[in-house]
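Please read the structure below before turning to the comments.
The values are calculated or read from the model by the stated rules, or taken from the named source; none is laboratory data. Quantities reported herein were computed from a predicted structural model and do not represent experimental measurements. Methodologically, a virtual Cβ is constructed for each residue, glycine included, from the backbone with ideal geometry; neighbour enumeration extends over all protein chains shown.
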Number of protein chains: 2
Amino acid sequence: MNFQMRKQLILQTLEQKDSAGVSELAELLHTSAITVRRDLALLAEKGLLVRTHGGAVRPGFAKDPVSFINKAAVNQEQKEYICHLAVKEIKEGDTIFLDCGSTTFLMCPLIRHLSIRVVTNSLPVVNALLGSAVTVNMVGGEIDHKRQAAHGLMAAEHVYRYKADLAFLGVDGISVANGLSANSETEAEMTLAMAANARRAILLCDSSKLEKDKYFQFAALSPFHAIITDKKITPALLAMYRQAGVNIVNGESSIVL
Amino acid sequence: MNFQMRKQLILQTLEQKDSAGVSELAELLHTSAITVRRDLALLAEKGLLVRTHGGAVRPGFAKDPVSFINKAAVNQEQKEYICHLAVKEIKEGDTIFLDCGSTTFLMCPLIRHLSIRVVTNSLPVVNALLGSAVTVNMVGGEIDHKRQAAHGLMAAEHVYRYKADLAFLGVDGISVANGLSANSETEAEMTLAMAANARRAILLCDSSKLEKDKYFQFAALSPFHAIITDKKITPALLAMYRQAGVNIVNGESSIVL
DNA sequence: TCGATTTTGATTATTTTTGAGCAAATAAAA
DNA sequence: TTTTATTTGCTCAAAAATAATCAAAATCGA
């Protein structure tokens, strides 16, 4: 097993899993940890991957892997289920908006093989889709470090230049009484811009966020085509939303989008 | 068993297995290790395979998936020297354009501590500056996977919305006779847009690229404020550029920007 | 067959790569 | 915050691979 072979295997592993640990790679390559570390250092120098403590990640997943990926891990199972439902709505050739939530990020592995166009303000989404069949369009503007995404006036203007078939939007809170709410005004602006320029705007929202109001309320439920949520939603809640005329889907109901 | 037959078998083996060891091949060819090594050296020279320690791999197997950062390794020492000179031009509070070359990428570690605003179309630059004192503004548009950067009409429009104090621009080729040249038209468009909207546009160009013309010529030298290059430039070339009225700097001359 | 040229193989010195132990640095936990 | 546990970079030594040199063997033309 020479360096070229190891390099190939390491990069291949990262392509599949986005990240890998040193000891894990050492076992895979039938070699010692120190050799793996040397290889990783070499590949990192070329920018083919980014070192982390204990391993390496694909370039782009680097920035703040802890906080971002951690956030993705909260309710991950529900979020993945929601993504699964959401992806069904996409047809080949579509143009879609993806905003910068952790849920939309989890959609990326599921759409890499599709010949679609994705317009997004999220850096992790861009990085996750690069090199795939998807044509990626990054929304420009000032980058918010914490959210790893572009926001602001320029970003909104960028979105208004495009029309999409679908918009998938994460929200911090939804309630029948008060509509959509967010933790920041800048995020709300992007959500509205994408919703306004898509034929269908779909909210992705795991059941823990339903009937929770966050500090900034910015839109009614009516302009949005549907809410996709998970199985943990109570029948009572489901009924309540339907009563209010909201098209809410959790994969078990017979209603289709 | 002569060379032609061995060559055939070696290449055939590589085709099947992607890689092969010297001793393994020696056994297969019923010959000694030293002969195999001589054969491999000969075939490597023709580009039919790539040598590794202990064997050889199929060409293309050794190639890096993304060629961008690879370029950073070429002439790295000269490029770092150029960056060092370039950074001296930046003042706190400045707004600067950075395009997507490997040289501008190497500037990032040197400017992370500065309270400046960077507008760039390069994803690696964005990633390298995130979480630093720098305010990052990403140019939006369709992302070119190979260059890891935004290009196109939307990207150019984005740049035209901003005014910068400085633009640092990598170029593929420069010559006194033909001015600037690039390997792609899209890159040239970004270079021009940034140059047009900066008070001072500075070309970063290691000496190996001087007096080299690439396939697409797109600008004269005159609109650019200066060229920063490295010490390896010959005195004759330096004189020739100065004769032509170009402000060219390599850190040793007394001329300041 | 002879002698010259090329190719191959063996030996040795040099280089490259690898692995282990240990102090310092970093992240996680309390 | 301090403490604890990993992880890392470093140096050194061992192992593997290589280049260099020279001798032996094969090839070839006359």
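Annotations for the structure displayed:
So that you can scan it fast, the table gives a plain yes or no per residue for (1) in a helix (DSSP H, G or I); (2) over 21 Å from the mean Cα position of the chain (by Cα):
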| site | (1), (2) |
| --- | --- |
| B:HIS158 | yes, yes |
| B:ASP165 | no, yes |
| B:LEU180 | no, no |
| B:THR186 | yes, no |
| B:ILE202 | no, no |
| B:LYS214 | no, no |
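- On the stretch given as the range B:10-45, residues that are within 32 Å of the chain's Cα centre (by Cα), more than 14 Å from chain A (Cβ to nearest Cβ) and within 13 Å of DNA strand C (Cβ to nearest atom) total 3.
- Any hit, the range A:28-35, residues being out of contact with any helix residue (DSSP H, G or I) (no Cβ under 6 Å at 6 or more places or on another chain), under 21 Å from B:HIS145 (Cβ atoms), at pLDDT 90 or above and surrounded by fewer than 18 Cβ atoms within 10 Å (Cβ to Cβ): no
- Of all residues making up the range B:1-34, the number that are among the basic types (Lys, Arg) and in contact (Cβ under 8 Å) with a residue 24 or more places away in the chain: 2
- Subset tally (residues that are assigned to a helix (DSSP H, G or I) and farther than 17 Å from A:ASN2 by Cα) for the range B:20-32: 3
- Evaluating A:LYS231 against the criteria (1) part of a loop (DSSP other than H, G, I, E, B); (2) in contact with a helix residue (DSSP H, G or I) (Cβ under 6 Å, 6 or more places away or on another chain) leaves one unmet condition, (2).
- Close Cβ contacts (under 6 Å, 6 or more residues apart or on different chains) running from residues in the range B:100-127 that are closer than 16 Å to B:ALA193 by Cβ to residues that are among the β-branched types (Val, Ile, Thr) comprise B:VAL118/B:ILE96; B:VAL118/B:VAL134; B:VAL118/B:VAL136; B:ASN121/B:VAL139.
- Among (1) at pLDDT below 80; (2) in the same structural domain as B:GLU187 (by TED's automatic domain parsing), the one test that B:ILE111 misses: (1)
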